[in-house]
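One structure is given below, encoded as structure tokens.
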Amino acid sequence: MEKIVILTGAGISAESGLGTFRDEGGLWAQHRIEDVATPEGFARNPALVHGFYNARRMQAGGAHPNAAHTALARLQRDWPGEVVIVTQNVDNLHETGGATRVIHMHGTLSGALCASCEHRWTAPAEMSVGEPCPACRAATARPDIVWFGEMPYHMDQIYDHLAQAGIFAAIGTSGQVYPAAAFVHEAIAAGAQTVELNLEPSVGASSFDQTLLGPATQIVPRWVD
Ligand code: BV8
């Protein structure tokens, strides 16, 4: 039975109340990417970056999975083949919605990383400047988030999944951030059928065989069921 690889972005969590990045009033309208989502920005002003992620960690902690998240979990349970969810999102709504195979290519809000020894641990609700690493004690703790200019996580594993995909679906992503935005081309090269489910056509919409438009909580359950 065909393997399904699903890429999700901020749009799948929008109806759970979590802001997207590039929509009207989105996160990038409130903050400069360079200041809060780059290693240089963190080096320049770690307090600003911790504040940005503390607020998102708090918000994500109070959010609930929506019908799109639970529909994908149902698909993983009921589809006779493998279903892998690769998410650009740093919230845990796929997991709390019941999904099991989830790959976080941009890290997670629940993770902390030591910039000195690369030790990883579960982040406290609020991270602060100078937080010591539990392993090497250096005061270089940062959110375990992949910032611009940093290598996304699990790329080898992701490319292996894409090479075996029979169906590739992109859900709730504007298709503007690489390397995720190029995954559809990897899937096409593998001979997969491609579908985009989004509120509006993404930048890469023309690369997909099919585009389903509408809010994720309506179109994803319909696509799954
Ligand atoms: C890297 C941090 C290489 C986490 C983020 C070409 C090739 C390779 C790299 C590049 C390249 N060109 C440029 C680059 C560099 C850069 C990049 O892509 N820049 C862009 C802006 C041009 N990429 C990188 O730096 C990446 N690293 O490539 O490293 C490398 C090689 C060797 C050695 C070292 C490094 C790292 C990218 C990750 C950066 N981190 N965020 C966080 O804070 O959350 S990116 C950020 O954008 C988030 O992670 C987010 O997930 C991601 C993508 O955004 P979307 O999820 O798509 O969200 P967006 O708001 O844009 O869109 C929402 C969509 O949902 C919309 O379409 C909307 O219509 C829809 N929607 C809204 N509501 C709903 C809905 N749909 C359905 N229902 C709804 N209700």
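The values are calculated or read from the model by the stated rules, or taken from the named source; none is laboratory data. Everything numeric in this text was worked out from a predicted model, so none of it was measured. Cβ sites come from the backbone with ideal geometry, for glycine too, and all protein chains shown count toward neighbours. Quick note on the areas: whole protein, heavy atoms, side chains included, nothing else; ligands and nucleic acids left out. Shrake-Rupley method; radii C 1.70, N 1.55, O 1.52, S 1.80 Å.
What tally of residues in segment 124-180 results from selecting those that are on the phi > 0 side of the Ramachandran plot and either basic (Lys, Arg) or modelled with pLDDT of 95 or more (or both)?
Going residue by residue through segment 124-180, those that are on the phi > 0 side of the Ramachandran plot are 130, 137, 149, 154, 172, 175.
Restricting the remaining residues to those that are either basic (Lys, Arg) or modelled with pLDDT of 95 or more (or both) gives 137, 149, 154, 172, 175.
Within segment 124-180, residues that are on the phi > 0 side of the Ramachandran plot and either basic (Lys, Arg) or modelled with pLDDT of 95 or more (or both) number 5.
Return the residues of segment 21-67 that are without any contact (Cβ under 8 Å) to a residue 60 or more places away in the chain, more than 17 Å from residue 144 (Cα to Cα) and open to solvent by less than 70 Å² (accessible area, probe 1.4 Å); say none if nothing qualifies.
25, 26, 27, 28, 31, 62, 63, 65
Restricting attention to strands (runs of 3 or more DSSP E) lying wholly within segment 133-207, give those where 3 or more residues are buried (at least 16 other Cβ atoms within 10 Å of the Cβ) and touching a Lys or Arg at 6+ places or on another chain (Cβ under 8 Å). Before the answer, list the steps.
Values: elements: 141-145, 165-171, 193-198.
Strands (runs of 3 or more DSSP E) meeting the threshold: 165-171.
Looking only at segment 125-170, which residues are near the ligand (Cβ under 7 Å from one of its atoms) and among the β-branched types (Val, Ile, Thr)?
Taking segment 125-170 first, the residues near the ligand (Cβ under 7 Å from one of its atoms) are 145-152.
Those that are near the ligand (Cβ under 7 Å from one of its atoms) and among the β-branched types (Val, Ile, Thr): 145, 146.
Could you check segment 75-110 and list, in sequence order, the residues that are surrounded by 19 or more Cβ atoms within 10 Å (Cβ to Cβ) and of a type in the set (D, E, K, R)?
91
Determine which member of the set 37, 99, 43, 47 is under 16 Å from the mean Cα position of the chain (by Cα) and outside the structural domain of residue 161 (by TED's automatic domain parsing). Write out each step before concluding.
Numbers: 99 fails: outside the structural domain of residue 161 (by TED's automatic domain parsing); 43 fails: under 16 Å from the mean Cα position of the chain (by Cα); 47 fails: under 16 Å from the mean Cα position of the chain (by Cα).
Only one candidate passes the filter, namely 37.
Return the only residue of 78, 91 being charged (D, E, K, R), in the same structural domain as residue 172 (by TED's automatic domain parsing) and within 15 Å of the ligand (Cβ to nearest atom).
Working: 78 fails: within 15 Å of the ligand (Cβ to nearest atom).
Just a single option satisfies the conditions, and that option is 91.
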